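The values are calculated or read from the model by the stated rules, or taken from the named source; none is laboratory data. These numbers come from a predicted model, not from an experiment. Cβ sites come from the backbone with ideal geometry, for glycine too, and all protein chains shown count toward neighbours. Surface accessibility is based on the protein's heavy atoms, side chains included, excluding ligands, DNA and RNA. Shrake-Rupley method; radii C 1.70, N 1.55, O 1.52, S 1.80 Å.
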Amino acid sequence: MDIALRPVHGSDLPVFFRQFNDPESLRMAAFTPEDPADRDRFDAKWAHIRSSPEIVARTVLVDGDVVGSVSVYGEAGEREVTYWIDRAYWGKGIATAALRALLTEVTERPLYARVAADNAGSLRVLRTCGFVVTGKGRGYAAGRGEETDELVLSLEG
């Protein structure tokens with residue numbers, strides 16, 4: 001499997017939108033927009049992401065196919081990583097490889113991540129990439145329609 005990152009192209013967005021509307025993926029991610037099917041809001045968000053010099057967003061490719069995205073965003077000293085991988089590719093090491101590649105490109109530290117406390121797969125990805133749990137919280141998770149426990153992780157120097 002050849003896993004690579006590249007800048008996000010406009011042609012990636014329909015694929016991202018489809019991936020972002022998978023019910024099981026939304027439940028696992030938990031902390032998602034209230035209405036992920038709102039295409040106008042999705043397009044506006046990605047227009048902002050793609051035009052912002054502070055956001056590093058990459059498309060994740062496997063053997064040339066678009067399988068997700070990985071990004072770093074936020075203010076200096078509070079920057080977070082986020083990723084979304086098509087459910088058909090879960091459990092194959094793709095998220096870990098993509099995040100490692102992004103962490104090579106974005107060398108500033110600290111970086112942070114947030115994950116639903118019961119999302120074992122994403123927690124494993126983050127820990128494998130060197131993130132450690134530094135906090136806990138609880139908040140409304142639109143992807144689940146309920147209050148959900150969340151972990152905050154950090155990656156230092």
Tell me, which residue of the stretch 74-101 that is assigned to a helix (DSSP H, G or I) and of a type in the set (A, V, I, L, M, F, W, C) is surrounded by the fewest Cβ atoms within 10 Å (Cβ to Cβ)?
Ala88
Might you check whether a residue that is open to solvent by 90 Å² or more (accessible area, probe 1.4 Å), closer than 28 Å to Ser154 by Cα and in contact with a Gly (Cβ under 9 Å, 6 or more places away or on another chain) occurs anywhere in the stretch 50-73?
yes
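Can you say whether Thr59 is hydroxyl-bearing (Ser, Thr, Tyr), out of contact with any strand residue (DSSP E or B) (no Cβ under 6 Å at 6 or more places or on another chain), modelled with pLDDT of 95 or more and at negative phi, as far as the supplied structure shows? Talk me through it step by step, then tell me what you get.
On the way: hydroxyl-bearing (Ser, Thr, Tyr): yes; out of contact with any strand residue (DSSP E or B) (no Cβ under 6 Å at 6 or more places or on another chain): no; modelled with pLDDT of 95 or more: yes; at negative phi: yes.
It is false that Thr59 is hydroxyl-bearing (Ser, Thr, Tyr), out of contact with any strand residue (DSSP E or B) (no Cβ under 6 Å at 6 or more places or on another chain), modelled with pLDDT of 95 or more and at negative phi.
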Test Val125 against the criterion of being open to solvent by less than 20 Å² (accessible area, probe 1.4 Å), out of contact with any strand residue (DSSP E or B) (no Cβ under 6 Å at 6 or more places or on another chain) and either under 22 Å from Asp2 (Cβ atoms) or among the β-branched types (Val, Ile, Thr) (or both), and give yes or no.
yes
Return the residues of the stretch 132-153 that are open to solvent by less than 50 Å² (accessible area, probe 1.4 Å) and among the aliphatic types (A, V, I, L, M); say none if nothing qualifies.
Ala141, Ala142, Leu151, Val152, Leu153
Residue ID - nearest to Arg144 (Cα to Cα), chosen from residues in the stretch 12-68 that are out of contact with any Ser or Thr (no Cβ under 8 Å at 6 or more places or on another chain), among the hydroxyl-bearing types (Ser, Thr, Tyr) and not in a helix (DSSP H, G or I)
Thr32
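Residue by residue, here is whether (1) in contact with a Leu (Cβ under 6 Å, 6 or more places away or on another chain); (2) of a type in the set (D, E, K, R) holds:
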{"position": "Trp84", "(1), (2)": "no, no"}
{"position": "Tyr89", "(1), (2)": "no, no"}
{"position": "Leu99", "(1), (2)": "no, no"}
{"position": "Thr107", "(1), (2)": "no, no"}
{"position": "Val115", "(1), (2)": "yes, no"}
{"position": "Asp118", "(1), (2)": "no, yes"}
{"position": "Cys129", "(1), (2)": "yes, no"}
{"position": "Val133", "(1), (2)": "yes, no"}
{"position": "Gly137", "(1), (2)": "no, no"}
